[in-house]
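The values are calculated or read from the model by the stated rules, or taken from the named source; none is laboratory data. Please read these numbers as outputs of a predicted model, since none were measured by experiment. Using ideal geometry, Cβ is built from the backbone for each residue, glycine included, and neighbour counts are taken over all protein chains shown. These accessible areas exclude ligands, DNA and RNA; they are computed on the full protein's heavy atoms, side chains included. Shrake-Rupley method; radii C 1.70, N 1.55, O 1.52, S 1.80 Å.
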Amino acid sequence: MTKLIVSGDSWTAGTSATREDGRPQWLDDRTKTVNFDISITWPYHLGKMLDMEVINVGLGGTGNEFIYNTMIDTLCQEKNVGLAICCWSKFQRTDFNYKTDDHFGCRTLTINQPDFCDYPNKKIAERVKPFVESYDKLNLYSDEWNLVKSLRWFNAFQNFCENENIPYCQVSAITTIPFELLNYLIDLPVFYKINSSTFLGWPISEKIGGWNLENKLITEELRVSKDDTHPNTEGHKKIAKYIYDIIYD
């Protein structure tokens with residue numbers, strides 16, 4: 001059976017850990033406080049439509065560096081890949097690597113700079129606080145820099161798949177580009193290297209004729225709640241069908 005390889009953030013991985021079969025981890029541990037409206041995420045619905053084995057390497061809360069790195073690492077190991085999809089996150093996110101006692105090697109953590117003080121996991125926030133403070137103090141972070149980095153990863157993923165003859169597509173989950181950065185975006189040379197026929201919704205901003213998946217889930221019925229705009233069960237099904245129809249129409 002051919003494989004569907006997918007990388008992304010919580011819109012791809014779900015808001016709780018999943019088992020190999022795509023079912024939420026909370027089915028094995030009922031003591032956890034979880035949102036029971038989140039079921040199987042869109043890659044598993046799409047995999048069923050395509051009759052492909054799903055390998056979902058997404059992780060909630062991550063940024064585009066993590067998404068790119070995990071995808072490339074997986075594609076370098078897996079054979080018989082039928083389709084690879086990167087579902088990109090907010091470009092404002094910055095990924096840090098840190099060692100943990102319960103994980104082999106390193107795990108990637110992402111902190112969205114403007115929202116750091118409101119980060120829900122206070123234990124993790126405290127752990128990376130020195131990194132964030134150092135970035136601010138040394139003026140190492142800027143939206144412009146993170147935006148161009150994301151475009152380079154888009155282009156690098158595209159080039160890797162084309163060079164390796166791997167069928168692929170790209171889509172953005174929740175990218176929001178401030179109006180003041182749009183001129184900067186369209187002045188970047190790498191902007192014109194992105195293949196719009198394989199990047200669904202390119203150039204990802206509604207302001208310049210693009211879209212992302214969040215734009216397509218505009219009804220409350222497709223989201224977890226008013227406060228939680230993640231896709232619910234029906235939202236994930238719609239994403240899968242939407243991607244399927246565009247690719248195979």
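Quick notes
- Scan the range 167-181 for residues that are under 17 Å from SER196 (Cβ atoms) and either open to solvent by 30 Å² or more (accessible area, probe 1.4 Å) or hydrophobic (A, V, I, L, M, F, W, C) (or both) and the total you get is 4.
- Any hit, the range 30-39, residues being modelled with pLDDT of 50 or more and of a type outside the set (Phe, Trp, Tyr): yes
- In the set ASN97, ASN64, ASN56, only one residue is open to solvent by less than 30 Å² (accessible area, probe 1.4 Å), polar (S, T, N, Q) and at pLDDT below 95; that residue is ASN64.
- Candidates in the range 134-166 are the residues that are aromatic (Phe, Trp, Tyr) and at pLDDT below 95; of these, the one that is surrounded by the fewest Cβ atoms within 10 Å (Cβ to Cβ) is TRP145.
- Enumeration of residues in the range 140-188 that are without any contact (Cβ under 8 Å) to a residue 40 or more places away in the chain and polar (S, T, N, Q): SER142, ASN155, ASN159, ASN163, ASN165, ASN183
- None of ILE204, ILE218, ILE247 is at pLDDT below 95, under 19 Å from the mean Cα position of the chain (by Cα) and loosely packed, with under 15 Cβ neighbours inside 10 Å except ILE218.
- Any hit, the range 3-21, residues being modelled with pLDDT of 85 or more, open to solvent by less than 60 Å² (accessible area, probe 1.4 Å), among the hydrophobic types (A, V, I, L, M, F, W, C) and assigned to a loop (DSSP other than H, G, I, E, B): no
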